[in-house]
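*Asks:* Encoded as structure tokens, here's the structure I'll be asking about.
The values are calculated or read from the model by the stated rules, or taken from the named source; none is laboratory data. This structure is a prediction, so every number in the text was calculated from the model and none was measured. Heads up, the Cβs are rebuilt from the backbone with ideal geometry, glycines too, and the neighbour counts pull from every protein chain shown. For the accessible areas, the whole protein counts, side chains as well, though only heavy atoms, and no ligand, DNA or RNA atoms are used. Shrake-Rupley method; radii C 1.70, N 1.55, O 1.52, S 1.80 Å.
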Amino acid sequence: MKYKKFTALATAAMLLMTGCSGLPKERDSQTYTDTLFDTVISVQILDSVDEDVLKGCETLCKKYDAMFSRTNEDSEISRINSAGGVPVEVSDETVKLIKKGIYYSELSGGAFDITIAPVVNLWDFQAEDPVPPSPEDAAAAAGHVNYKNIVISDNKVSLSDPEAGIDLGAIAKGYIADRLKDYLEKQGVKHALINLGGNVLALGTKLDGSDYNIGIQKPFDESGNPVTSVRISDQSVVTSGIYQRYFKKDGTIYHHILDPATGYPCKNNLYSVTIITDSSLTADALSTTCFLLGYDRGMKLIDQLDNVDAVFITDDNEIHYSSNFQK
Ligand code: AMP
Ligand code: MG
């Protein structure tokens, strides 16, 4: 099980390819690092700023963790999930994010489903000796997954199936990265790199005006080596990959991107999907959605969208770029 813990850290650490000019050494820049959202996060500010700005990032991250976490029983999401179908009043931001989740659930025809919580609850990828749930238990939980069960009226959210539950794990980090960016911009920051467990957002360029070079991890490579990289400024790069959270049992890999039809990990020929676009929320949502749609439908969706690029890695370790990708 040793590799399991490694993967979370590798994912967080994976993306910034070092040795590039224009990026100050760690000690010159100001960095907030933490373990939140089930992963390692960092916000690296390259401009000189007051210490309070880092504190502000921490406050923001903790606020969102307390709002969106499925496992924190006081969060707004947990209160909706445990209300037994009774409407719960939540913040504007939670309503907005749930609506985004519903949008991608509809867009994918339910392959992505923001009410996946009953299924997610059956899988403990961090356990010392993880075991898959029985197919019967998984199928029973999957029977409660249907985003159409979410009823929103103003700021009140309820679930028409009391056994249903919302899980924002596929989109929350993207949303939070965008909010951190807004906050940093308001504080006058022009150059920063936000990395929420591999969900990367570059604010501006490096100090010398050049792009950041963000590595895409080689699937299952324990040393976190990149297989390729993308150059970005003022954009986000987000990867959904089966190596990010998984366990292996009797030779089978069980990963965290789950099929709402079976309650078991989604089976296709993909190792990972990386999305590059302006909004980190869009990148986060699309990376998970495209993974669940599979290579053909996922790539077709990307090619229909403006200003969105993608890199798919299939299980033969081939790298596939979307049509407009500039190498
Ligand atoms: P990401 O790492 O952004 O691709 O999101 C993966 C996370 O999304 C998982 O850890 C679950 O919390 C959640 N998730 C898993 N399967 C689905 C699904 N079919 N639809 C929506 N969210 C999912
Ligand atoms: Mg995602």
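*Asks:* Taking the condition open to solvent by 20 Å² or more (accessible area, probe 1.4 Å) and in contact with an Asp or Glu (Cβ under 8 Å, 6 or more places away or on another chain), does A139 pass?
*Replies:* Values: open to solvent by 20 Å² or more (accessible area, probe 1.4 Å): yes; in contact with an Asp or Glu (Cβ under 8 Å, 6 or more places away or on another chain): no.
It is false that A139 is open to solvent by 20 Å² or more (accessible area, probe 1.4 Å) and in contact with an Asp or Glu (Cβ under 8 Å, 6 or more places away or on another chain).
*Asks:* Output the number of residues of the range 228-269 satisfying the condition of being within 15 Å of ligand 2 (Cβ to nearest atom) and polar (S, T, N, Q).
*Replies:* Residues meeting the conditions: 4.
*Asks:* With the requirement that a residue be in contact with a strand residue (DSSP E or B) (Cβ under 9 Å, 6 or more places away or on another chain) and either of a type in the set (S, T, Y) or within 18 Å of I276 (Cβ to Cβ) (or both), what does the range 220-232 give you?
*Replies:* Once the filter is applied, which keeps residues that are in contact with a strand residue (DSSP E or B) (Cβ under 9 Å, 6 or more places away or on another chain) and either of a type in the set (S, T, Y) or within 18 Å of I276 (Cβ to Cβ) (or both), the range 220-232 yields P226, V227, T228, S229, V230, R231, I232.
*Asks:* Continuing with the same structure: Among the residues of the range 159-184, write down those that are open to solvent by 10 Å² or more (accessible area, probe 1.4 Å), away from ligand 2 (no atom under 13 Å from the Cβ) and over 18 Å from K63 (Cβ atoms).
*Replies:* Correct list: S160, D161, P162, E163.
*Asks:* I would also like to ask the following. Which residue out of T282, T289, T239, T262 is under 19 Å from F125 (Cα atoms), not small (G, A, S) and not in a strand (DSSP E or B)?
*Replies:* Only one candidate qualifies: T262.
*Asks:* Counting only residues that are within 11 Å of ligand 1 (Cβ to nearest atom) and on the phi > 0 side of the Ramachandran plot, how many does the range 251-266 have?
*Replies:* So the count comes out to 1.
*Asks:* Suppose we keep only residues that are within 10 Å of the chain's Cα centre (by Cα) and not aliphatic (A, V, I, L, M) within the range 229-240. Which one would you say is nearest to L292 (Cα to Cα)?
*Replies:* S240
*Asks:* Go through the range 267-305 and give me each residue that's near ligand 1 (Cβ under 10 Å from one of its atoms) and farther than 20 Å from S229 by Cα.
*Replies:* A285, T289, L292
*Asks:* Of everything in the range 189-210 that's part of a loop (DSSP other than H, G, I, E, B) and touching a strand residue (DSSP E or B) at 6+ places or on another chain (Cβ under 8 Å), which residue is nearest to D50 (Cα to Cα)?
*Replies:* Ranking the candidates gives V189 first.
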